[in-house]
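The values are calculated or read from the model by the stated rules, or taken from the named source; none is laboratory data. Please read these numbers as outputs of a predicted model, since none were measured by experiment. Using ideal geometry, Cβ is built from the backbone for each residue, glycine included, and neighbour counts are taken over all protein chains shown.
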Amino acid sequence: MTTAFETGPSAHTPSPIEPLPHQLLAVLGQHRMATTHQLHTLLRPGTARQTISAPLNKLRRDGLVDYIVLPASQRSRAWYLTSEGARLTRDFPALRGRPPYPISSTTAASVKTPHTLTVLRTHLAFVTDARRRGDEHGHLDWTPEVPHPLSDGERVIADAVMHYTVVEGEERTKMRAFIEVDRATMGSERLASKLIQYARLWAYEPQPVGRLRTRQPAVAGAAWLRWYPVFPRVLFALTGASRYVLSQRISDLQAMAAQHPFVSALARQVPLGAAVLEDLEEQGPTSDVWLPLAGSGSRAWTEL
């Protein structure tokens, strides 16, 4: 969806008007967990490390956040909200409707750490690239663990939903994507089957049950129209294995897009792509590092 209008100066880093402790709590409420380095990159790039670590330690003394020390990391800390911190952030405007999911123990934090921090790594690649380009993609434009209903009580849960605005002069193009982050911890076939779930979501139209309770007509159409004006792109970011293994996993995604009738129908209408996470970090997501799942060549995610 493209809109054109006069644009004023856009802030490519979070506004300093909002207190930093408030921003730290909001980010941890949104992303569940983040390292000190990730919070620094996300909220105050280019400043001294103490800018982030001092308010984090104050929030910890207040009982609102806690941390675990990551193994083999030179004592890097991964921060998360306590139950009291989750309760406090529940009514933040940016987090309304977002389940709090407080982490109740260091053991629970350790279980969640690898995948949660890798999803945030992916977000940071887009944030850094957006700042370089002058696009709009901030610390709350990435929502992890977003469920969408399917039939028979099933759900498809995106690792993240991304909102991104490409800015080219006075032209602003609003883009959205479902993000799937693969750490090579599941079988390749199971990874590729995620495409079937997205194809089902794309086609799913809920049927009215029983008698309507109001005189207003039921809204017809696909369920995803409740949340998105167009169906988001589906992007896979892969890491955690050799280049050869990751290329094979991308080939399996491409095979699913070519061979499964539901996914093939989706691929004709919705851009689908995959890339290696390290390439996103080193070259940027708008570089030609994405392989389309239906097509050939490599390109930027915006050009899939």
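So THR113 passes all but one of these: (1) in a loop (DSSP other than H, G, I, E, B); (2) at pLDDT below 90. Which condition number does it fail?
(1)
Can you pull out the residues in segment 269-300 that are among the β-branched types (Val, Ile, Thr) and under 22 Å from TRP202 (Cα atoms)?
Passing the criteria: only VAL270.
Going by the conditions given, is ASP152 part of a helix (DSSP H, G or I) and surrounded by fewer than 18 Cβ atoms within 10 Å (Cβ to Cβ)?
Judged against the criteria, ASP152 is a match.
With ARG190, ARG249, ARG176 as the choices, which residue is assigned to a helix (DSSP H, G or I), of a type in the set (Lys, Arg), at pLDDT 95 or above and assigned by TED's automatic domain parsing to the domain that holds GLU154?
The conditions single out ARG249.
Residues ALA265, ALA258, ALA275, ALA294: which one is among the aliphatic types (A, V, I, L, M), farther than 20 Å from ALA125 by Cα, surrounded by 14 or more Cβ atoms within 10 Å (Cβ to Cβ) and in the same structural domain as ALA184 (by TED's automatic domain parsing)?
Only one candidate qualifies: ALA294.
Residues of segment 37-59 being in contact with a Phe, Trp or Tyr (Cβ under 7 Å, 6 or more places away or on another chain) and either without any contact (Cβ under 8 Å) to a residue 12 or more places away in the chain or polar (S, T, N, Q) (or both), which ones?
Once the filter is applied, which keeps residues that are in contact with a Phe, Trp or Tyr (Cβ under 7 Å, 6 or more places away or on another chain) and either without any contact (Cβ under 8 Å) to a residue 12 or more places away in the chain or polar (S, T, N, Q) (or both), segment 37-59 yields nothing.
Show the residue pairs meeting these rules: Cβ distance below 8 Å; 6+ apart or different chains; first residue within segment 170-187 and touching a residue at least 12 places away in the same chain (Cβ under 8 Å) and over 12 Å from ALA241 (Cα atoms); second residue of a type in the set (S, T, N, Q) and assigned to a loop (DSSP other than H, G, I, E, B).
GLU170/THR7; ARG172/THR7; VAL181/THR239
Exactly one condition in (1) at pLDDT 95 or above; (2) over 24 Å from ALA34 (Cβ atoms) is false for ASP152; which is it?
Of the numbered conditions (1) at pLDDT 95 or above; (2) over 24 Å from ALA34 (Cβ atoms), the odd one out for ASP152 is (1).
Tell me, which residue of segment 159-172 that is farther than 17 Å from PRO285 by Cβ and assigned to a strand (DSSP E or B) is nearest to the chain's Cα centre (by Cα)?
The selected residue is ARG172.
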